[in-house]
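Where a number appears in this text, it was derived from the coordinates with a stated rule and is not lab data. All values derive from a computational prediction rather than experimental measurement. Please note: Cβ atoms are built from the backbone with ideal geometry, for glycine as well, and neighbour counts cover all protein chains shown.
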Amino acid sequence: MHNVGKSYKGTPKYSFVKIPVPADGKDVYDKAEVVGSVPFRWSKNPTYLHSFGMSENYYVLVEQALTVSVLGLMTSRISRETYSDCLKWHATEKQNLFDIDKYPSLSEQNLFRIDKHPSLSQQNVLRIDKCASLPQQNLFRIVDRRTGQEVNPKTPYLADPFFTFHHINTYEEEGHLVVDVSAYPDKKILDTFYLKNVKSEQREVYPEPTIRRYVLPLATYSKATSGQNLVTVKESSASAIKQKNGQVLCDYEKLSDQGLDFPHINDGRLGKKYRYIYGAGGQYINKLVKIDTLTKQSWVWEEEGTYVAEPVFIPGPGATDEDDGALLSVLYKMTKPRHVTCLLVLDARTMTELGRAQFDVSLSRDIHACFVWS
Ligand SMILES: [Fe+2]
């Protein structure tokens, strides 16, 4: 098993750990090891983390504009603040900022140069670097699993802020790391989980995520010229533009107009190039969705008054095609006098129903799911 955690011993850092299956009778952490670490971007405000990506040779995590205040957590018992009170989204004011770099023709004479007014009272000056609420970009942090070292730490991979719970898959292609995520433009999705919204009579509408593909060049690009797109994977419209300051600004390829979250793929393709994504979508998490990342075609299964859970793909016996198999999902049907819970089985190729089994009991609604062979 591989995982990532936050370590506060010495320099605060994200640490990727590998935990092999223990020998009989041995402690589960007997052979556990830290493969590599990367320091927090902001030492007292690490990112909110829900998942990470892993390919054959690399780990990747998204250091999001949503952070957790360590100080807030430490004092939360006294201040009676909740975990969500300690979360801070650093990108809300972007639309209110004037981006000088976008106006190269702007006359220098019309600009107010603070450095030319040394007598100006410091109190009256807005120090951008001291405004914690200023927009911040997301950072991709890549660690080489063979060396434990961060890839290109001095020329970081930036992207406009987005919020993500779930990585879909990560793989290597032609010297790049392809990182697919289910992403939201901001953190509003978290608000839908507040108790007052969950208890509300009115059903909460979930914001629709976008299936994004970021393509991160792995080579050292110190010699590239500014403005150059470093992505050379032919089939992808994702870009990674070298900036004047050496950083790389990454933009994504949208893999489908159909959004989904709680993604699942054929497990045999994890960490490898793949084609099909399955997930749950719709305004009320009421649709099962399949996306072909190659053709961008999508399929949707839905039923009146029914919520779905994360679908799980099970390959058919002797299957060779990636989508040859069954897609399982738990259904929650809002019927009276009691809710009905079913296990649905779809043909993953066509997203049509093969059958369903109704449970004798009504289960409370859950979203994640897993399948265990026995
Ligand atoms: Fe999750």
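Pairs Lys154/Lys296; Lys44/Lys290; Lys13/Lys242; Lys196/Lys290; Lys242/Lys296: which are spaced more than 30 Å apart, C-alpha to C-alpha?
Correct reply: Lys154/Lys296; Lys44/Lys290; Lys196/Lys290.
What 222 nm value per residue comes from the helices of the chain, counting each DSSP H run with n ≥ 4 as -39,500 (n - 2.57) and dividing by all residues, nearest 500 deg cm²/dmol?
-500 deg cm²/dmol
Going from the alpha-carbon gyration tensor of the stretch 175-316, what semi-axes, largest first and in whole Å, does one get by taking the root of 5 times each eigenvalue? Please list the in-between numbers first.
Values: eigenvalues 223, 80, 26 Å².
Equivalent ellipsoid semi-axes, largest first: 33, 20, 11 Å.
Ranking request for peptides 70-76, 54-60: highest mean number of other beta-carbon atoms within 10 Å first, then the rest in descending order.
Numbers: 70-76: 14.1, 54-60: 19.9.
Packing proxy ranking, top to bottom: 54-60, 70-76.
Once you've got the Cα coordinates, tell me which of Lys9/Lys199; Lys31/Lys188; Lys287/Lys336 are over 30 Å apart.
Long pairs (Cα-Cα over 30 Å): Lys9/Lys199; Lys31/Lys188.
For the stretch 147-224, just list the percent of Cα-Cα distances falling in each 5 Å bin from zero outward, please.
Histogramming the stretch 147-224 at 5 Å steps yields 3, 12, 17, 18, 15, 11, 8, 6, 5, 3, 1, 0 percent.
Against the globular-protein guess of 2.2 N^0.38 Å, express the Cα radius of gyration of the stretch 280-374 as a ratio, rounded to two decimals.
1.11
Considering the stretch 250-296, what Rg and Dmax in Å follow from its alpha-carbon atoms?
Gyration radius and largest Cα-Cα distance of the stretch 250-296: 11.3, 32 Å.
Quick check on the chain: of the DSSP beta bridges with both residues there, what percent are antiparallel, nearest 5%?
In the chain, approximately 95 percent of DSSP beta bridges are antiparallel ones.
Hey, what does the equivalent ellipsoid look like for the chain, semi-axes from the Cα gyration tensor as sqrt of 5 times each eigenvalue, largest first, whole Å?
39, 26, 23
Could you sort the peptides 16-27, 215-226, 39-50 by per-residue average Cβ neighbour count (10 Å cutoff), highest mean leading?
39-50, 215-226, 16-27
Which value in Å does the Kirkwood hydrodynamic radius of the stretch 221-284 take, with 1/r averaged over all unlike C-alpha pairs and then inverted?
14.5 Å
Using 0.36 nm per residue, how much length does the chain from Asp186 to Leu73 gain when fully extended, once their Cα-Cα distance is taken away? Walk me through the numbers before you get to the answer.
Numbers: separation 113, 0.36 × 113 = 40.68 nm, distance 2.23 nm.
The Asp186-Leu73 span can extend by a further 38.5 nm.
Roughly how many nanometres apart are two label points built 7 Å out from the Cα toward the Cβ at Lys6 and Asn229?
3.7 nm
How large is ³J(HN,Hα) for each residue in the stretch 50-67, as worked out from phi by the Karplus curve 6.51 cos²θ - 1.76 cosθ + 1.60 (θ = phi - 60°), to whole Hz, x for Gly and Pro?
10, 7, 8, x, 8, 10, 4, 10, 9, 9, 9, 10, 9, 7, 7, 6, 8, 10
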